[in-house]
Amino acid sequence: MDTNFEDQLRDAGLRVTRPRLSVLEELEAHPHSTADSVRKGVTSRLGSVSTQAIYDVLHVLTDKKILREIEPHGSVPLYEIARHDNHHHLVCRACRKVVDIPCVVGSAPCLEPSDAHEFAIDEAEVIFWGYCPQCEQARLEEAAANAQ
């Protein structure tokens, strides 16, 4: 996706700053990152940046819907660029690798609850859990070794 982060920031009513641009560039390169890994990446780009500054940028960009925060059970929050495509995620139970998958079926919100309780639903957040190919292979090998 061709992304002009400066325009996105301005369109959201935010000033264009080096830390904000660096956070967006880091997440473009490394989606599903923790705040700490974003901080490390931004520090390598800009030099010294406080942890609090990174958290502030992540929160502002999430509030403005430029970023999306996901928090798989048992995980710290992970951040990605908001594509507004209502995609979902696969998460490996072993290594915690996260992979984007398209909307389950149909147009957003993709899923319809049996009773919406009069809510105007506009998004469904789905996380599929399982094992990535490498971790599944390791599990099968371990099970075979234990069976002997």
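Data for the structure
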| quantity | calculated |
| --- | --- |
| The stretch 122-137 - phi-based ³J(HN,Hα) in whole Hz, Karplus 6.51/-1.76/1.60, Gly and Pro as x | 10, 7, 10, 10, 10, 10, 8, 10, x, 10, 5, x, 5, 6, 5, 4 |
| The chain: angle of helix 35-46 to the longest principal axis, Cα-based, in degrees nearest 10 | 50 degrees |
| Cα-based helix-to-principal-axis angle, 51-63 vs the chain, degrees rounded to 10 | 90 degrees |
| Using alpha-carbon coordinates, inclination of helix 18-29 to the longest axis of the chain, degrees | 30 degrees |
| Kirkwood-type radius of the stretch 40-86, with distances r between different C-alpha atoms, in Å | 11.8 Å |
| Rounded percent of accessible protein surface that carbon and sulfur make up, the chain, 1.4 Å probe | 50 percent |
| Distance between modelled label sites at E6 and A143, nm, 7 Å Cα→Cβ extension | 5.4 nm |
| Per residue accessible area of the stretch 1-140, 1.4 Å probe, in Å² | 62 Å² |
| Average Cα contact separation per residue, the stretch 46-148, under 8 Å, 6 or more apart, as relative contact order % | 20 percent |
| A124/S50 FRET efficiency (R0 35 Å; Cβ-Cβ; nearest 0.05) | 0.45 |
| Amide proton proximity set for A94, modelled H, under 5 Å, gap of 5+ | C132 |
| Within the stretch 48-135, percent of DSSP bridges classed antiparallel, to nearest 5 | 65 percent |
| 10 Å binning of all Cα-Cα separations within the chain, expressed as whole percents from 0 upward | 10, 32, 31, 19, 7, 2, 0 |
| Bridge type composition, the chain - antiparallel percent by DSSP, nearest 5 | 70 percent |
| For the stretch 1-54: span of alpha carbons on each principal axis (Å, largest first) | 27, 22, 15 |
| Fully extended contour minus Cα-Cα distance, from I101 to Q134, at 0.36 nm per residue | 10.0 nm |
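The values are calculated or read from the model by the stated rules, or taken from the named source; none is laboratory data. Keep in mind that what you see is a predicted model, and the values were worked out from it rather than measured. As a convention, Cβ positions derive from the backbone with ideal geometry for all residues, glycine included, and neighbour counts pool all protein chains shown. Note: accessible area is taken over every heavy atom of the protein model, side chains too, but ligands, DNA and RNA are not part of it. Shrake-Rupley method; radii C 1.70, N 1.55, O 1.52, S 1.80 Å.
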